[in-house]
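The block underneath contains the structure these notes are about, expressed in structure tokens.
None of the figures in this text is laboratory data; all of them are computed from the coordinates on show. Computed from a predicted structure; not experimentally measured. All Cβ positions, glycine included, derive from the backbone under ideal geometry; neighbour counts span all protein chains shown.
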Amino acid sequence: MDQDVYAPPKSELVETKQETHGNLASRWKRFWASMVDMLTITAATVPAMYFTGGFENISQGTPPSATYNLLIGLLGILVFIALNTKLLIEKGQTIGKAVLNIKIVNHEDDDKTTKKQLLKRYATYMTPGHIPVAGQLFSLVNILFIFGKPRRCLHDYIANTKVVTC
């Protein structure tokens, strides 16, 4: 017997990465989560437009001014921030993502996102749409990135995030 029975066991330790947050969220779940979030913003902006006469101008065929559109857009962003900041920081979710059981995580290690990542993500997602023509084109391209194999929008690439099922 050449083995020392009292020697510590020898084994090779190999660190494996486990995906603890599930698979990538489906495109449909991301779409519906975005729709829920849009409805929460609409619930605040539509009454604001009603009480400020925004609909009267539209019904008379007069387009609202750029300043008016900018202020209504800013109101929508402020409502989004007010409703979702705590959820985003603590759980990586908006109201829509929470309803659909998906969340935002760091792309590289499936860990919780940082405030800096969230700021990059939503600045890229929300701000360009308020720039006439070029902003809408950018927003369209941003969203169309979801159809790539990694299922990540342009704002996911910029913020180094991905959306996974909970």
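Round to the nearest 10 and give me the degree value, 0 to 90, for the angle of helix 134-144's Cα axis relative to the longest principal axis of the chain. It works out to around 40 degrees.
Counting only residues at least eight positions apart within a chain, or on another chain, the lysines with an alpha carbon under 29 Å from that of residue 120 are 17, 29, 86, 91, 97, 103, 112, 149, 162. Annotation: amide H-H contacts under 5 Å for residue 102 (H modelled 1.01 Å from N, sequence separation of 5 or more, or interchain): 166.
Relative to the dominant Cα principal axis of the chain, helix 115-126 is inclined by about 40°.
Couplings 3J(HN,Hα) for the stretch 127-132, derived from phi with the Karplus relation 6.51 cos²θ - 1.76 cosθ + 1.60 (θ = phi - 60°), are 5, x, x, 8, 8, x Hz, where x marks Gly and Pro. The stretch 52-88 and the stretch 95-154 have their alpha-carbon centroids 21 Å apart. For residue 161, the residues 5 or more places off, or on other chains, whose built amide H falls under 5 Å of its own are 107.
Considering the options 51, 107, 117, tell which one lies farthest towards the positive end of the dipole of the chain, charges being +1 on Lys and Arg and -1 on Asp and Glu at the Cβ, about the Cα centre. Most positive-ward Cα: 51. With each label modelled as a point 7 angstrom along the Cα→C-beta vector, the residue 35-residue 71 pair spans 3.2 nm. The stretch between residue 56 and residue 23 holds 7.2 nm of extra length on full extension. This uses 0.36 nm per residue minus the Cα-Cα distance.
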